[in-house]
Structures are given as structure tokens and as C-alpha cells.
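Undergrad: One structure is given below, represented as C-alpha cells, and several questions about it will come after.
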Amino acid sequence: MTSAYWAVDNSLAMIGRSLRISARNVEALLMAVMLPIMLMLIFVYIFGGAVNTGTEYVNYVVPGIIILCAGFGASTTAVSVTHDMVGGIMDRIRSMPVVSSAVLTGHVVASVARNLVAMALVIGVGLLVGWRPAAGVGEWFAAIGFLALFMLSISWLAACLGLLVRSVDAAGGATFAITFLPYVSSAFVPVDTLPTWLRGVAEHQPITPIVETTRGLLMGTPIGSSWWIALIWFGGITLVAFTWAAVLFRRRTA
Amino acid sequence: MDAIQVHGVSKSYGSQRVLDGIDLTVPAGTVFGLLGPNGAGKTTLVRILATLVRPDAGRASVMRHDVVSEAFEVRRKISLTGQYAAVDELQTGRENLVMVGRLCRLGRRAAGQRAVELLERFDLAEAGRKLVKTYSGGMRRRLDLAMSLVTAPPVIFLDEPTTGLDPRSRQQMWSFVRSLAAGGSTVFLTTQYLEEADQLADRIMLIDHGVAVADGTAASLKVRVGGERVELEFASAAALALAVADLDVPASGERSVTVATTGTAAEVRELLQRMDKVGATVDKVAIHRPTLDDVFFALTGGNPR
């Protein structure tokens, strides 16, 4: 057997492990299931009435909620990575002849899987409360693939942050920015309603092009250059986080 | 052949020197005990040997592979059981073992078979199907050790394998360590308990504040500490006076004397017969073993931290 074979087999073993643990962690699972539903209902019924987007608010807000959920998901991912560091599992694995990325690959794949479940819930609840997407089958696939790439990059970033901090409590806090960024973007309100200085921030941070692309694919609004700007962000974040995580995994001592 | 060689290894964290010029060798197939109080640097040395931490100075090798430049080769020869059971609470015992087996490149099927064998050997066959979060402390430790033995590595590091265990689980862990040694493995263990090092290790090194204070066999260390003592308590002050006169030792308490001993039954019997002969009636007998505190007091002249 080649070392590439074992690298894949190691990764599969760790993906299985992370998925099993995700499914058995009742607390995290409840959060992963309840949060998308609650956020969806809060935004549509509580904030939605006050925000004028020129369309039914539910038709505006769905991509934003999916991305907000991914932000909370990142926190779960960072916490579980830190948990492995503090609990000694990482040390055990680092003292074995294992491909260094396998453990983190397990966490990241489980993270993407949790996020996809959250996304399915947001879409389901959205459709129930009156969301009417304009997308055809092709656009749906493109949108889901695009969001999966987003989840992948966010998950690697979260894994990285999880390696960086020293305690499980700090891991939750480290991902705060990821949870917060969607608020300063076009996710929940049109950017032109923001004060000028904030608009600058909103237009140049990664969440806005991601939201605009998703909204464009699902609702038929103009996408423009958003899609390739978003893809560059995904590629950049994934590359940096992946490389950084590989270095941290070898060097970091819990 | 030496399984482990350490030459002048030092490590500092910030301004704190954790290890200072440690030298040691461990012949293959022997049990080495690294003895010291909390914060002595035991865990740091184990982590260096297990390739988790790089030494600032000095060299260390395991099975002739350098721990820094040939870390991957070293990892193929060792297993590490840390101070706290590194097991997944939300996996079953079996799943934990299969995961390690697959990481060790056994493949799914062989990893499954190995898991069954190890669960059986470590008295976890029943518990293997349950989530680890339902396990007792002793069961976790056993699973932890089983996970270290999936590939039957030639060198096994055990960092305080019995800390926090109840006496029965400790005995059980000791018998596992003995069986590993009997099977030809090299075992490097750290402990805070002199008795544990005494029971298990062929050679002991005592470290404090990152410095090797003494090393040798358990017997040679005990001689330096003064060995075991037997304390005789007498029924009356008159009996004590007779004993003091006969043994030519000062009284150690109101009605007691303390005598150095090897701790054998024969020697204690002889001592009691001698007391009978001079008419000093012994009320109680107690054997005092040297403790880690005694060792530190004798070898460093100070108290352990």
C-alpha cells in the first residue's frame, strides 16, 4: 500500500470519528438544529417588519441566515479542535506516525456536514414561512456548491483558531469575528442604508460578495463581480488556514 | 542495545529552566522509572522523547533514531500514554481502539480484530460497546493503555500511569506494566511514588527542578536513603529502658525505638526474639518504608516542593 492510500485511510478514520462525535454530542447537535430555525423565525417575524429591502424580507434574508449559522458552526468546530488539544488526543496522535492533516480533516469534514444540515433546515423553514426562490435546478446546485466552499474555508479557519487558543472557553471567543461579520454586510440590510464609513467596511469584507452571489443564484438578483471576488476569498482563506493549521499542528504544545 | 539515549538535554520555557543537562540510557527490554515531584520536569522529558517537544540543547534518540531529525521513525517505534487518559468520551471503547488501529495503518479489518483482542486482554470486553463517558477512572486508564499497545511498539512511554487511581486499579496497572516488560518491551515510566518505581523499574532516576539528583537501582537508592526502619513500641517505660540498653539506640518516642532493617520477616522475628530474651515486652511493631519525602530529604537536603 502506498503512503497516499494510508493518508486517505487515516483521513477517513478521522472523518468517521468526528461525524460520530458530532452526532452524539447532544448539546452541540441541539444548537446546530435549533439555531438555524430560531434565527430564521426571529429575522423574518421580528426584524423583518422594520427592514425595507424592496421585497418580502424572507426573500432577502435566507442567504444571510445560512452564513450566520456557518459562523456559529465555526465556533463549534474551534471548540472541538481545542478540546482534542487540551484532552490529550492531539498529543497521542502527534506521537504516532500519522499524516498530520488527518485529524483536522476529520474536524473540517464534520464541520461542513453540520453546516450543510443547518443550511437544509434554514431552507426548509424558509420555504415554510413564505420564501419563494427563483432558482432553477442548475442555480440550486451552483448555490449549494458555492456555500459548501464557503463552509470549507470557514471550517479550516475555525480549526486553525482552535489550535491557536489554549482553552476550550477561549476557542468560543476566538471565532467571535466570524459570527459578527455577517451583521456588517449586505446579509440582513442593504449596504446603502449603512453610514458611509461602515459601508466601506461592508462592501470590502468577504461576507458581502458571498451573500450577493448566493442571493443572485437563488433569487435572480444581479451578481456582477461578486462571485469571483468570493471565490478568491475562499481560496485565500482556505490556503492560509490549511497551511497555518499544518504548521500549528506540528509545533503547538498544549 | 540501548533503546533510549539522552545526552545533555535541556529545555526552558521563557526564563524557567525545566530540564537541565539530563543524561540517561535505557537498555532495551528494561523498565526505567523517572521519579520526581510535580513540576520536576518528568513530563517535559517524556514529551521530548515522544517527539512532541524539541529540546533546546542536547540530543536524544529512541531505537537509534534521533527524536528531532528522525521524528517520524521514532513515532513508528513508540507509544505514549499521557498523564490524563486521552480517550474520546463520545466514542465506544472499541471505536477508540479501531480509530488508533487505522491511524497505525492496520486497515479496517485488522484494526477491528486487534480491538477485540485488546478489549479482552484489558478486561473491557463487555464495556467495549459502551461510550467511554460511562467508564470509571480505572477503565479509562486501561483503555488508554490498550490504545497505546495497538501496534505492540518496542518502546512504551507511560507518564504517571497510576496518578489518581484507586489502590485496586493501581495494582492492576502494575501487573500490566510487568507483563509488558516480561514481553520484552522497553518501558519508560514517570511517577511521583517511590513505591511504584521500586515495584516496577529496573533502574530509577530521581529528578528535581529539572536536574538529575540520583540514579541507580531501587536497592541502591534505598541504601542512600537509609532503607526501611522497624519501630517497636513497648508496653511500659521499663521495657523501653531494657530495649534501649540492649540495642544501644536512643528512644525515638515515649515508649518506642526505631531500628534500621531490611524489612524481611526473618530479621523482624530475630529482633522480637531478642527483645523477649531481655524481657522487654513489645506491644506493637510497625515497618516504615522510605517515602519520596525521605528520598528528597536524604539526597537534596531540602523538602520537595
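The values are calculated or read from the model by the stated rules, or taken from the named source; none is laboratory data. Quick caveat: nothing in here was measured; it's all calculated off a predicted structure. With ideal geometry, Cβ positions are generated from the backbone for all residues, glycine too; neighbour counts draw on all protein chains shown. With ligands, DNA and RNA removed, areas are computed over all heavy atoms of the protein, side chains included. Shrake-Rupley method; radii C 1.70, N 1.55, O 1.52, S 1.80 Å.
Undergrad: Using a Förster distance of 56 Å, how high is the FRET efficiency between A:His204 and A:Ala7, based on the Cβ-Cβ distance and rounded to 0.05?
TA: Approximately 0.90, to the nearest 0.05.
Undergrad: Now for a different question. Considering only the other residues whose Cβ falls under 15 Å of the Cβ of A:Val62, what net charge follows from Lys and Arg at +1 and Asp and Glu at -1?
TA: -1
Undergrad: Here's something else I'd like to know. Just the number, please: carbon plus sulfur as a percent of the accessible area of segment A:25-251, 1.4 Å probe, no ligands or DNA/RNA counted.
TA: Here it works out to 73 percent.
Undergrad: Residues of segment B:97-128 losing 40 Å² or more of accessible area relative to the isolated chain, 1.4 Å probe, heavy atoms only?
TA: B:Met99, B:Arg102, B:Leu103, B:Arg105
Undergrad: Just the accessible area per residue of segment A:25-251, please: how many Å² with a 1.4 Å probe?
TA: Per residue, segment A:25-251 has an accessible area of 42 Å².
Undergrad: Report the relative contact order of chain A, percent, no decimals, based on alpha-carbon pairs under 8 angstrom and at least 6 residues apart.
TA: 27 percent
Undergrad: From the alpha carbon gyration tensor of segment A:118-254, can you work out the equivalent ellipsoid semi-axes (sqrt of 5 times each eigenvalue) and give them in Å, largest to smallest?
TA: They are 29, 18, 15 Å, listed largest first.
Undergrad: R0 = 22 Å: FRET efficiency of B:Ala237 with B:Thr264, Cβ-based, nearest 0.05?
TA: 0.15
Undergrad: Within straight cross-link reach of B:Lys277, meaning Cα distance under 27 Å, which lysines are found once same-chain residues fewer than 8 apart are removed?
TA: none
Undergrad: List the extent of the Cα atoms of segment B:32-131 along each of their three principal axes, largest first, rounded to whole Å.
TA: So the three principal-axis extents are 46, 32, 24 Å.
Undergrad: At 0.36 nm per residue, and after removing the present C-alpha to C-alpha distance, how many nm does the segment from B:Ile287 to B:Ala57 gain when stretched out fully?
TA: 78.4 nm
Undergrad: Which value at 222 nm does chain B reach when only helices count, each DSSP H run of 4 or more adding -39,500 (n - 2.57), with the total divided by all residues and rounded to the nearest 500 deg cm²/dmol?
TA: Here the helix-only value at 222 nm equals -11500 deg cm²/dmol.
Undergrad: Determine, at each q value in 0.05, 0.06, 0.08, 0.10 (inverse angstroms), the log₁₀ of I(q)/I(0) that the Debye formula gives when each Cα of the protein assembly as shown is one equal point scatterer.
TA: -0.32, -0.44, -0.67, -0.89
Undergrad: Quick one: accessible area per residue over segment B:2-223, 1.4 Å probe, rounded to a whole number of Å²?
TA: Value returned for segment B:2-223: 40 Å² of accessible area per residue.
Undergrad: Over segment B:228-288, average the accessible area per residue using a 1.4 Å probe and give it in Å², no decimals.
TA: Accessible area per residue: 60 Å².
Undergrad: Let me ask something else. Computed on protein heavy atoms with a 1.4 Å probe, what is the summed buried accessible area for the chain pair A and B, in Å² to the nearest 100?
TA: Between A and B, the summed buried area is about 2700 Å².
Undergrad: Using a 1.4 Å probe on the heavy atoms of the protein chains only, list every residue of segment A:81-127 that has 40 Å² or more less accessible area in the complete assembly than in its chain alone.
TA: A:Ile89, A:Asp91, A:Arg92, A:Arg94, A:Ser95, A:Met96, A:Pro97
Undergrad: So which GluC sites (Glu not before Pro) in segment B:59-127 are both in a DSSP loop and have at most 11 other Cβ atoms within 10 Å of their Cβ?
TA: B:Glu126
Undergrad: Take the solvent-accessible surface of the protein heavy atoms, probe 1.4 Å, and return the percent of it on segment B:2-223 that carbon and sulfur atoms account for.
TA: Accessible surface attributable to carbon and sulfur in segment B:2-223 totals 48 percent.
Undergrad: Once the principal axes of the Cα atoms of segment A:96-163 are found, what is the range along each, listed largest first in whole angstroms?
TA: 52, 23, 16
Undergrad: Then there's this: Given points 7 Å out from each Cα along the Cα-Cβ axis, report the B:Asp202 to B:Glu120 separation in nanometres with one decimal.
TA: 3.0 nm
Undergrad: Right, another one. How much of the pair distance distribution for segment B:140-289 lies past 21 Å, counting alpha-carbon pairs only, in percent?
TA: Every Cα pair in segment B:140-289 considered, those over 21 Å come to 59 percent.
Undergrad: If you average 1/r across every pair of different Cα atoms in chain A and take the reciprocal, what Kirkwood value do you get, in Å?
TA: Taking the inverse mean of 1/r over all distinct Cα pairs, chain A comes out at 18.9 Å.
Undergrad: Which distance in Å, rounded to a whole number, links the C-alpha centroids of segment B:232-293 and segment B:166-231?
TA: Computed from Cα coordinates, the inter-centre distance equals 28 Å.
Undergrad: Follow-up question, since we're still on this one. For the pair B:Val223/A:Arg166, report the inter-label distance in nm, with labels modelled 7 Å from Cα in the Cβ direction.
TA: Calculated label separation equals 4.6 nm.
Undergrad: Also, I was wondering about something else. Relative to the isolated chain, which residues of segment A:12-35 have their accessible area cut by 10 Å² or more in the presence of all protein chains (1.4 Å probe, heavy atoms, no ligands or nucleic acids)?
TA: A:Leu12, A:Ala13, A:Met14, A:Arg17, A:Arg20, A:Ile21, A:Arg24, A:Asn25
Undergrad: So how compact is segment B:2-223: Cα radius of gyration and Dmax in angstrom?
TA: Radius of gyration, then largest Cα-Cα span, for segment B:2-223: 17.2, 52 Å.
Undergrad: Output the relative contact order of segment A:110-249, whole-number percent, from Cα pairs under 8 angstrom with separation of 6+ residues.
TA: Here the relative contact order equals 33 percent.
Undergrad: Go ahead and estimate [θ] at 222 nm for chain A from helices alone: -39,500 (n - 2.57) per DSSP H run with n ≥ 4, summed, over the residue count, rounded to 500.
TA: -25500 deg cm²/dmol
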